[in-house]
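Student: Dumping the structure here so I can ask a few things about it.
The values are calculated or read from the model by the stated rules, or taken from the named source; none is laboratory data. Small disclaimer: the values here were computed from a predicted structure and weren't measured. Neighbour counts are summed over all protein chains in view; Cβ atoms, including those assigned to glycine, are modelled from backbone coordinates with ideal geometry.
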């Protein structure tokens, strides 16, 4: 369950990102370069390169809320991505907090973030998570081993 931010390359200087809700399979616009905005309501949050879809962020938080309600042993929730907006308690912060709190009931939460946000994410989950792992970007083999190992507990 949860959300993934999928990079969309469209030939510009900056990529766009679409939201994928893992429980429904629905996709929608999430982030676009400033020069590529269209009909939706977008917010810059003082970012000079990107704008963020209010509809997309709302849907992302709803998907994380649904995931948090289902959190228990055997459930894996992806939170992609915890970034600068979330550090300011914006973006998907409310959903990320709900997932972190729900870890008390078991399950696995995978937070994707940049290197400078790792300690912030660890602080977010450390009170609720049974264990916390930090992996390098792209280390999917280690992630799968951890998920399989934790699922056998």
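Student: Can you confirm whether residue 28 is in contact with a strand residue (DSSP E or B) (Cβ under 6 Å, 6 or more places away or on another chain), within 27 Å of residue 127 (Cβ to Cβ) and modelled with pLDDT of 95 or more?
Tutor: no
Student: If residue 4 satisfies every condition in (1) touching a residue at least 24 places away in the same chain (Cβ under 8 Å); (2) exposed (fewer than 14 other Cβ atoms within 10 Å of the Cβ); (3) part of a strand (DSSP E or B) but one, which is the exception?
Tutor: Every listed condition holds for residue 4 apart from (2).
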